[in-house]
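The values are calculated or read from the model by the stated rules, or taken from the named source; none is laboratory data. Every value quoted in this text rests on a predicted model; they were computed, and no experiment measured them. Note that each Cβ is placed from the backbone with ideal geometry, even for glycine, and that neighbours are counted across all protein chains shown. Side chains are part of the model used for accessible areas, which takes the heavy atoms of the whole protein and leaves out ligands, DNA and RNA. Shrake-Rupley method; radii C 1.70, N 1.55, O 1.52, S 1.80 Å.
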Amino acid sequence: VQLIGPHGSSVSCVGWCVSDAQLAVGAGEWISTYRLDTSTDTSTVRSWRWLPDAELHQKEPVCAVAWACLPERQPAIWAAGRTLTLWMQLQASGALQWVACWQRELAQPVNLMAVSFDGLLLA
């Protein structure tokens, strides 16, 4: 067991990226990503350790997160509350940076969200 954080607000949702073992955590208006520490023994789940990787500001409370993990592409994160946002890692100044690439306001706030295994469908 490992505590992740600290976060400025209570954690409202967690998403798991199956293609490259990353976590996304929604807390308040922020999404924090964590990557697996590969410098330690990763042979059993009990020995996994998570390192903070990035923080994304959604500018509204995050109620649901889901990874869109497509083979041979950078992972992307769907984040939702009153707005549905697609965050993608893009090359900028020689480094990968998270950018909000697409957004739509919703008639009703999202409570639950899921992405298909191949990352092509969102429900």
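With respect to the conditions (1) modelled with pLDDT of 90 or more; (2) open to solvent by less than 30 Å² (accessible area, probe 1.4 Å); (3) not basic (K, R), C101 lacks only one, and its number is (2). Scanning region 79-96 for residues that are more than 15 Å from A54 (Cα to Cα) and not small (G, A, S) yields a count of 5. Checked against the criterion of being open to solvent by 60 Å² or more (accessible area, probe 1.4 Å), farther than 16 Å from A114 by Cα and at pLDDT 90 or above, region 58-76 contains one or more residues that satisfy it.
Of D53, D118, D41, which residue is at pLDDT below 95 and touching a Lys or Arg at 6+ places or on another chain (Cβ under 6 Å)?
Of the residues listed, the single one that is at pLDDT below 95 and touching a Lys or Arg at 6+ places or on another chain (Cβ under 6 Å) is D53.
For beta carbons closer than 7 Å, sequence separation of 6+ or different chains, a first residue in region 14-39 that is among the acidic types (D, E) and a second that is open to solvent by less than 80 Å² (accessible area, probe 1.4 Å) and not in a strand (DSSP E or B), the qualifying pairs are D20/P75; E29/Q58; E29/E60; E29/P61; E29/V62.
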